[in-house]
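Bear in mind these aren't lab numbers, they're just calculated from the coordinates by the rules spelled out. Bear in mind that the values here come from a model prediction, so they are computed numbers and not experimental data. Cβ coordinates were reconstructed from backbone atoms using ideal geometry, including for glycine residues, and neighbour counts include every protein chain displayed.
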Amino acid sequence: MSNRLPVDHVVDEHGADGWKVSPGGLVTALEPVMREAGGAWIGWAGVADQEFDPFEHDGITLVPVPLSEDEVQDYYEGFSNDTLWPLYHDVIAPPSFHREWWDAYVRVNRRFAEAAARVASRGAVVWVQDYQLQLVPKMLREARPDLVIGFFDHIPFPAYGIYSQLPWRRQVIDGLLGADVIGFQRTADAGNFGRAVRRLFGYTTRGNVIEVPDGAGGVRRVIHRAFPISIDANAFESLARRPDVQERARQIRESLGNPETILLGVDRLDYTKGIRHRLKAFGELLNEGRLEVEHATLIQVASPSRERVETYMQLRDEIELTVGRLNGDQSTIGHQAVAYLHHGYPREEMAALYLAADVMLVTALRDGMNLVAKEYVACRFDNDGALVLSEFAGASDELKQAVLVNPHDIEGLKDAIIEAVEMPKKERARRMRALRRRVTEHDVARWSASFLEALTGAGVIPAGVSEP
Ligand code: GDG
């Protein structure tokens, strides 16, 4: 179960309805598991004020949950993306607290829980994804105590001092504790959750296990621990090995005038990603002459995101003003400092960009994992390229051979960029080999298998999933 179904509703030129798979890490990870288990996927179809019956798509049963336009605004854009998202990312932007948004969040979570309670067979496993649905585990357990319930949080879980600002802090934790296993990206997130449980409820925690009173004098054991998410590394590598993708990488370099160094940033246009810090550091390096516009170009892909939320509109204006100024000050007729692209691209183009980039910049101020860092590594089968990675992205727990940075420290970030630009080829290869080993061995199939293994407690790896 996730907020969005893995398909988008499309209408063709004759006005006929249809569904198109929206490719993403979660879909790739869960598709084989779902197909093998004969599972159903519950989620919103992405269009407001429309109801759809459950249907089969490519061997998986999809169960759409309807949302009204008001609910999209209050539950999704409001409470999920303007209350929880900034709060869970360490209040980088101020969260908004509105009681009517909370009411919509409760109402929609109940609708999701009811949908699952209706379709799940006896003793079924239900895996709930992400911060939009934190109340579902408890609601579902009350309706269907026979179910095995898992929850995975894709974004950080903040320290108690921040989390405790949430007016509904007890209800959210109580909702999550309805699960049997609660998964987080990092060990630190699981630790923050455990501390919030102890502070707010006083429950005993022993290692990964939280003892939740069952109302009958006993306790229910809830596991909370890290399951760092990953990507389909083989699929990215195969894409990067395609001759047309490699040709496209060459074209990209050529169209920028074959600079010595191409730096790349790929992010949803989001204030958590540290795009402004990256631009500031790059601009100062050009200003100080440590980089020269004739030899170094930054490509910044900022894919459109949450465009109806006010904070995101402001962010877009700020970033575009900064890019405009930087280019105005630094570009020459023949050389552009920043190639800024406010577009979404097909995966092939993403792979070509990764191949074309000498230095990948991931400077998130806070990020659950950051899949872009792992995708860059998976594509570099040539063992080349240098990754600059924020220590505030979950990926930094695993990708230790990257050049790790604190993006708030602009001088440190500038030094890290120069270190990556000037890194000898042998050193780049040594680091990239180690990074690639980590990402290939810990791919998304291993992530889903290990979560489901913890959930079913059987130690059995679901069929269709490779051995962890
Ligand atoms: C959340 C958490 C966590 C981006 N632009 C385009 C495009 N993308 C793809 C990337 C990557 C994905 O979107 C972004 O994933 P990230 O992990 O970098 O960030 P979030 O979207 O914030 O994801 C995050 C993740 O959930 C999973 O748990 O890692 O911490 O915030 O796959 O490649 N893909 C295409 N065109 C684009 O223009 N095709």
- Query: To the nearest 10 degrees, how steeply does helix 25-37 sit against the main Cα axis of the chain, on a 0 to 90 scale?
  - Reply: 40
- Given 284-290, 73-79, 412-418, 59-65, the highest-first ranking by average Cβ count within 10 Å works out to 73-79, 412-418, 59-65, 284-290
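Could you tell me the ratio Rg/Rh of the range 296-419? Both radii from Cα atoms, Rh via Kirkwood.
On the way: Rg = 15.1 Å, Rh = 15.8 Å.
In the range 296-419, Rg relative to Rh is 0.96.
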- Query: Which angle from 0 to 90°, rounded to the nearest 10, does the C-alpha axis of helix 310-330 make with the longest principal axis of the chain?
  - Reply: 10
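Just the Kirkwood number for the chain, please: inverse of mean 1/r across all distinct Cα pairs, in Å, one decimal. Intermediate results must be reported in sequence, preceding the final value.
On the way: mean 1/r = 0.0427 Å⁻¹.
Over the chain, the inverse of the mean reciprocal pair distance is 23.4 Å.
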- Task: Rounded to the nearest Å, what's the spacing between the alpha carbon centres of the range 33-102 and the range 426-457? Just the number, please.
- Result: 28
- Query: Once the convex hull of the C-alpha atoms of the range 63-118 is built, how many Å³ does it hold per residue, rounded to a whole number?
  - Reply: 76
- Antiparallel DSSP beta bridges within the range 173-229, percent to nearest 5: 65
- Note on the structure: For the chain, the dipole about the Cα centre with charges only on Cβ (Lys and Arg +1, Asp and Glu -1), to the nearest 20 debye, works out at 1720
- Query: For the pair ASP12 and TYR345, how long in nm is the line joining their label points, each one 7 Å along Cα→Cβ?
  - Reply: 3.0
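For the chain, what does the helix formula give at 222 nm: sum of -39500 (n - 2.57) over DSSP H segments with n ≥ 4, over the residue count, nearest 500 deg cm²/dmol? Please report the intermediate quantities before stating the final value.
On the way: 16 runs with 191 residues, N = 468.
Taken over the chain, the calculation gives -12500 deg cm²/dmol.
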- Query: How would you rank MET360, MET313, MET423, going from fewest to most other Cβ atoms within 10 Å of each one's own Cβ?
  - Reply: MET313, MET423, MET360
- Using 0.36 nm per residue of separation minus the Cα-Cα distance, give me the extension gain between THR187 and LEU321 in nm, one decimal. 44.5 nm
- Message: Based only on Cα atoms, what mean projected area does the convex hull of the range 70-195 have, in nm²?
- Response: 7.2
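Report, for the range 9-165, the % of DSSP beta bridges that are antiparallel, rounded to 5. Display every interim value, and only then the final one.
On the way: 6 of 15 bridges.
The antiparallel fraction comes to roughly 40 percent.
What order, most packed first, do the peptides 213-223, 135-145 have when packing is the mean number of other Cβ atoms within 10 Å of each residue? Don't skip to the end; give the middle numbers.
On the way: 213-223: 12.1, 135-145: 20.2.
My ranking of the peptides, most packed first, is 135-145, 213-223.
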- In degrees, nearest 10, the alpha-carbon axis of helix 347-356 is tilted away from the dominant principal axis of the alpha carbons of the chain by 40
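List SER96, SER255, SER80 from most exposed to least, where exposure is judged by having the fewest other Cβ atoms within 10 Å.
On the way: SER96 16, SER255 10, SER80 22.
Ranking SER96, SER255, SER80 by Cβ neighbours within 10 Å, fewest first, gives SER255, SER96, SER80.
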- Task: Give the residue from ILE173, SER255, ALA93 lying farthest towards the positive end of the charge dipole for the chain; charges sit on Cβ (+1 for Lys and Arg, -1 for Asp and Glu) and the dipole is referred to the Cα centre.
- Result: ILE173
- Query: Listing TYR376, TYR105, TYR203 from the residue with the fewest other Cβ atoms within 10 Å to the one with the most, what is the order?
  - Reply: TYR203, TYR105, TYR376
- Task: Please give the contour-minus-distance gain from LEU404 to ASP384: 0.36 nm per residue of separation, less the Cα-Cα distance, rounded to one decimal in nm.
- Result: 5.5 nm
- Item | 18 Å Cα-Cα reach of LYS273 towards lysines, excluding residues that sit fewer than 8 places from it in its own chain | LYS374, LYS414
